[in-house]
Amino acid sequence: MGDFSGKSVMVLGGSRGIGAAIVRSFAAAGASVCFTYAGSADAAAAVAAETGATAVKADSADRDELVAAVAAAGALDVMVINAGVAMMGDPLTLDANAVDRLIDINVRAPYHAGVEAGRQMHDNGRIIIIGSVNGDRVPGPGFTAYALSKSAVQGIGRGLARDFGPRGITVNVVQPGPVDTDMNPADGPMAKRMHAAMAIPRHAHADEVTALVLFLASPAAAMITGTTQTIDGGLGI
Ligand code: NDP
């Protein structure tokens, strides 16, 4: 797990799913952790009580609120940009406002939060964005909005890696395949079809994604930057 004692970590979207697992892991490794949430106040309070992390209500769709929350976190060692939403469906009928909100949360927020984190970040810090294998691969119809958002964060990661690299700050995108969370339950209606496309035919546990995040945040990963790290059980191969 590594030792993150004395490190300051912020996780965007830490109330549930992968983000909550990341909060738990960094807290268990000794870090001082704060995390944001938007709608799940009870879940956020439970994660905070369990881990000692600080929960901050900040909607990633609200740029001013988000940037203020990141700025208030001060000089970070690690920023994990995890908050995201998924929406599948025929682009001819999907609600345009809902698509724009997805783009706000999945694209605009990672850009602005990444920039703001970098403004105050300690040298040799880490920015990790949770993308998706759908940034590389679209396995069927109905993925356009989600896929565009996860391709976009690849560009944010590469760009910020160049911008902040001279300070030793690394920026990487972690791209999960199916992970058992509220967003994509292992017993959901799409699960069998997903498993059929995988080399290892199962959903990942959130902790398996967390292990990769903590590795990228560790000193051992100091020369890994601007990359996409796919953890998808072979869905994208
Ligand atoms: P969940 O829906 O289980 O949890 C999403 C988390 O993001 C919650 O903590 C939620 O907080 C937070 N969040 C959502 N919208 C906002 C917002 N507007 N502002 C602040 N926080 C927000 O999703 P997962 O844990 O499954 O997904 C996490 C990330 O991993 C996402 O970026 C997703 O795209 C990505 N991913 C997930 C995969 C999967 O199979 N599960 C596969 C590939 C990528 P709250 O409820 O408080 O609003």
Coarse-grained scattering of region 1-64 at q = 0.25 Å⁻¹, given as base-10 log I(q)/I(0) from a Debye sum over alpha-carbon atoms: -0.96
Debye, to nearest 20: dipole size of the chain, +1 on Lys, Arg Cβ, -1 on Asp, Glu Cβ: 480 debye
Space enclosed by the convex hull of the alpha-carbon atoms of region 8-231, per residue, Å³: 114 Å³
Inter-part distance where region 20-95 and region 104-167 are each reduced to a Cα centre, Å: 15 Å
Theoretical FRET efficiency, 1/(1+(r/R0)^6), r = Cβ-Cβ of residue 54 and residue 119, R0 25 Å, to 0.05: 0.80
Apportionment of accessible area to carbon and sulfur, the chain, percent (1.4 Å): 54 percent
Structure-based [θ]222 nm, the chain - -39500 (n - 2.57) summed over DSSP H runs of at least 4, per residue, nearest 500: -12000 deg cm²/dmol
Contour minus Cα-Cα distance for residue 182 and residue 93 (0.36 nm per residue): 29.6 nm
Solvent-accessible area per residue for region 41-104 (1.4 angstrom probe, square angstrom): 50 Å²
Folded to 0 to 90 degrees: helix 17-28 orientation relative to the chain principal axis, Cα: 30 degrees
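The values are calculated or read from the model by the stated rules, or taken from the named source; none is laboratory data. Predicted model, so just to flag it, every value in this text is computed and none were measured. Cβ coordinates were reconstructed from backbone atoms using ideal geometry, including for glycine residues, and neighbour counts include every protein chain displayed. For accessibility, only protein heavy atoms count, side chains too; no ligands or nucleic acids. Shrake-Rupley method; radii C 1.70, N 1.55, O 1.52, S 1.80 Å.
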